[in-house]
Structure formats: C-alpha cells, structure tokens
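Worksheet: the structure to be examined is printed underneath.
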C-alpha cells in the first residue's frame, strides 16, 4: 500500500469515529453541528479532502485545523505529516542541528497494522524542519537579541576565519573555489594570501553583506595529484591526516598532521564540501565522518565553532540527482556532534545556495563563547 492510500484509509477511520452512521458525535451541539454539516469541504470524499490538503502550506493547514473538530483531527493525523515528510524532505535545500528530524528511522520503517504512531510527533518534526517555517521563526528576534546585535555592531569585529576541506573541492567537474573567486556580483574577493600550508592550501579573503571573512582552503594533496584522481575517479590519500585503525571497535580514525592542527586552533569554524552527485554516492561516508571528527576535536578549540556542510553538485541541472540534505546529515552522523552544524545544497557552477550557507556560518561564528 502506497503512502497516499495509507493516509486516506486513516482519514476514513477518523471520519467513521466522528460521524458514525452519518451523524456527528457532537450532535448535541445542535446549531454548530448543523453549520458544520453544511460545510462544503466536509461533504467531499476523504480522498478529495486529502488531495486538497496536499496543496496547502503548513500555515494554511494549521488554520484549517482550527475550523472544526473534524478538520483538527485530520490535520493532526501523524500519518498525514509522515506523508509530507517523505514527500518534501528530498526537496529541502538545507537542514541544521536545530531542525533536523529526529525520527528518520520511524519514517523509513514500514507501517504495520496496529503501529503505535501517537508517540511520533511527525507534525512537530515537519513544522520545525520545513524551510518555509524556519524562515518565519528566524525572522523574529527577541528584544534582547536585537539589543545585543545593535551593541555588537558598534564593535569592530575581527575577520572570522574558516577552514574549508572535503572531496567536493576536488572531485567535481566544476571547481567551487574557482567560481567563488570569479563571480564578484555574488561574492567579492578582497585579497589572497601566501600559501599557509606548503603544496596544500591558500587563504582567500571575501566580502559578503559588508562582512569580510577569510577562507583557508585545505586540499588533500597537490594540484597534479588531485587532477589525476578526478579524471581517473581514483582515491586520494590525504596529506592532511594520518590514517589509523581502531582494532577494538573496527573503525577508521584520523589524526591531524601538526601544521593542520595549528590551522584548526586558529579558525572560527569549518566548511566541509561533499560531492553530492548521486552517481558517486557516499562511498567514503565512514572516512568522511572520521575526518570531520578529527578536525572538530575539542583539543583544537571550543565546540561552539560551527560546521557548514556544503552538499555540492557541479551544475544546477544536476539537482534531480542531488543527494538530499537530510540524507547527507544522516550519513555523516552530524547529530552526534556537539558543534552547531548546517547542511546546505549548493551548485558549483552558479553558487546557488552558497550565500545562505555563508549567512548561517557567519552568524554562528559571531556567537562563539
């Protein structure tokens, strides 16, 4: 049975409980019951009611739920919001440590007769994670936050510094870094610096929204080796890490080289770039998790430093092949990190989504203790 049929069957059960033999269970409320019986939407078959609800925004659905006891029961049906989560999550462009749904396993599990869904607040998960809902509650700041932001604006801040690394810098057909430096109408380059790690990376200063920030690009190896590996789809042994094996737990571990440790102690946050093109997949998910944990170790700095994960494809037309941001967060086990984090879908060719990611990391870098 598909997800639509499951929701429609649940709606029929709700309608049967409330209406019984065609009469409302609240018939003693004569006048109100009569008004509800005359409502056009109430008279539609449940499959048509469900179809209408699929076109409504979360805000409109909540308003609809306030019109009657019947519509409240439909709107609060966990199966409805489970359907919305399964339908919409692959389309979301970002997710973060606050909004990430905590019940992904419950979504993936097949429904069985008598499944206890009441313990799963799919409605709350959706309203917390949906980008449209997030943008609304992020727009309104408490008074004390507005005052604090004003006071911070009076202080000349230090330019935040971020370490950028990850396979998406090296495996894609289109270079994210090259386009970041060649699109001044989106992101202006203020200066480049001498190489800070011999043969591996260089620092770039950008200007965005009247804010200057530095990005230290950490490549896994030199340009010649990177280009050969990209063309041959070969694995690269990173010169940023020393690979180790945890014999007891059977896990891959990475230790930073001393000069990389020094960089991690100096930066205000981290940007990890994944290759989100599904033809390459997440073959190195375990290795990616271990490298992120090595960079974010508390030994190098406070756990308040943010991690921005750019889930990157080469071109916008590859969006249909884009690994969903929730899948990226789940595969990288970001919810286990103590640091604030965000996954942002990005296209290297157009830089779509990149500015949203920079806005997020600049805000959180300013909240460090």
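The values are calculated or read from the model by the stated rules, or taken from the named source; none is laboratory data. Source: prediction; values computed, not measured. Don't worry about glycine lacking a Cβ; one is built from the backbone with ideal geometry, like all the others, and counts go over all protein chains shown.
Quick notes on this one:
- Filtered residues of segment 238-266 (kept if farther than 20 Å from residue 332 by Cβ and under 28 Å from the mean Cα position of the chain (by Cα)): 261, 263, 265, 266
Residue by residue, here is whether (1) on the phi > 0 side of the Ramachandran plot; (2) crowded, with 18+ Cβ neighbours inside 10 Å; (3) at pLDDT below 85 holds:
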residue	(1), (2), (3)
110	no, no, yes
128	no, no, no
150	no, no, yes
153	no, no, yes
166	yes, yes, no
184	no, no, no
188	no, no, no
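- Meets criteria (within 22 Å of residue 364 (Cβ to Cβ), in a helix (DSSP H, G or I) and not assigned by TED's automatic domain parsing to the domain that holds residue 104) for residue 328: yes
- Positions within segment 39-60 being at pLDDT 90 or above and over 22 Å from residue 5 (Cβ atoms), in sequence order: 57, 58, 59, 60
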